[in-house]
Amino acid sequence: MLRRASLPLDCLQKPEALLPYRRFCRLLELCAAQSGNALFGLQLGLYQGVDVFGDLFYLIRNSKTLGDALTELQASYSLYFNDAVIELDIEGERAILSYRLKELNTPGLQQVEESACGVGVQLMRTLAGSHWQAKAIRFRHAPLLDESSYLQALGQQPRFNEPSTALEFDSSDLALALGAKNEALHGLIAKHINKVERLSEEELSSYIQQLLRYLLPCGRATTEKISNCLAIHPRTLQHWLEHKGTSFQRLLDETRQELAGQYLLDSSISMAQMSGLLGYSTPSGFNRAFNRWFGVTPSQWQKQQGVKRQPRLLRNAPFRV
């Protein structure tokens, strides 16, 4: 399936990898056709749930309320999935969590929308409790299968041909506290912390770099955020890194260098976009850092590697999985 969608065979083993958005849509379309399951995307989203966010999900562990958590994830999602936008709107007693794609004429689009809806339902059940239920589930398109199949998958009958794909729920839910009483969330966080505690020094160093890959596009790759995810004090993190003979800045630079090399080999990624993915506010900041690391500019490095830049209008924006 990956080969037929023109995707690298190892892309699913690289959570920081960027996939061309159209190819991701094509992949889900192929999977639905090959399996004979029109609801492949929806069932995939329900199966993946919060796992689709990877370790980024645990960065919300200090969010006090459901509303805070959704705002945090909303900001992260818009950076990682830059062909789609998650919007949280409050209309009186209603809250609407919607998923909007920027291009509406792409084959496989409906599979992607239904997958996002499935993830959204599981996210809300994880954060608000397993018994949480939307007031309404809305799909932008017509049903892909008989409506009873949707009822069986979601536990409620969705509405179709709506202005957007969205979950509608009581706005009062946004004030729900995320605490120890939420057994599902508490269990996930406890499992995560237990995993971190079992890591060796070398594994923990690699794990910190993995977290940096998630945080760089958000512009929040800081010791405070990393410490939060590791459930340790920032000073403890700094002492541990010093004891290991490294530093937070060194790990940050190494991570940026590795990712820069990957991104520069992809001619569809613009320099401005690349700078943002690496946590730089401007391309000039990225250029200076790259020149300091390798003694050449990013453009010069690409020429040395034989990478030819695509015309701007031919570039497909990347999509994360």
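Structure data summary
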| item | result |
| --- | --- |
| 218, 229, 117 arranged by Cβ crowding within 10 Å, fewest neighbours leading | 218, 229, 117 |
| Segment 224-312 shape via C-alpha gyration tensor axes, a/c threshold 1.5 | prolate |
| Separation of the residue 203 and residue 100 label points, Cα + 7 Å toward Cβ, nm | 4.4 |
| Long-range HN-HN contacts of residue 165 with modeled amide H, under 5 Å | 99, 140 |
| Calculated from backbone phi, Karplus (6.51, -1.76, 1.60) coupling profile of segment 27-40 in Hz, x at Gly/Pro | 4, 5, 5, 5, 5, 5, 5, 5, 7, x, 10, 5, 9, 4 |
| Integer Hz, Karplus 6.51/-1.76/1.60 couplings in order for segment 131-143, x for Gly and Pro | 8, 4, 9, 5, 5, 7, 10, 10, 10, 6, 10, 6, x |
| Whole-Hz ³J(HN,Hα) from phi, Karplus 6.51 cos²θ - 1.76 cosθ + 1.60, for segment 251-260, glycine and proline x | 4, 5, 5, 4, 5, 4, 5, 4, 5, 4 |
| Cα-derived Rg to Rh of segment 11-175, Kirkwood definition | 0.94 |
| Members of 64/225; 135/191; 102/225 lying beyond 26 Å, as alpha-carbon distances in this model show | 135/191; 102/225 |
| Amide H within-cut-off set for residue 176, under 5 Å, with H built and near neighbours excluded | 66, 67 |
| Cross-link partners of residue 308 among aspartates and glutamates (Cα-Cα below 19 Å; sequence separation of 8 or more within a chain) | 266 |
| Nonlocal amide H pairs with residue 106, under 5 Å, H built at 1.01 Å | none |
| Likely footprinting exposure, 250, 220, 138, fewest C-beta neighbours within 10 Å first | 250, 220, 138 |
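Throughout, read-outs are computed from the coordinates displayed, never taken from laboratory work. Bear in mind the structure is a predicted one, so any value in this text is a computation, not a measurement. Please note: Cβ atoms are built from the backbone with ideal geometry, for glycine as well, and neighbour counts cover all protein chains shown.
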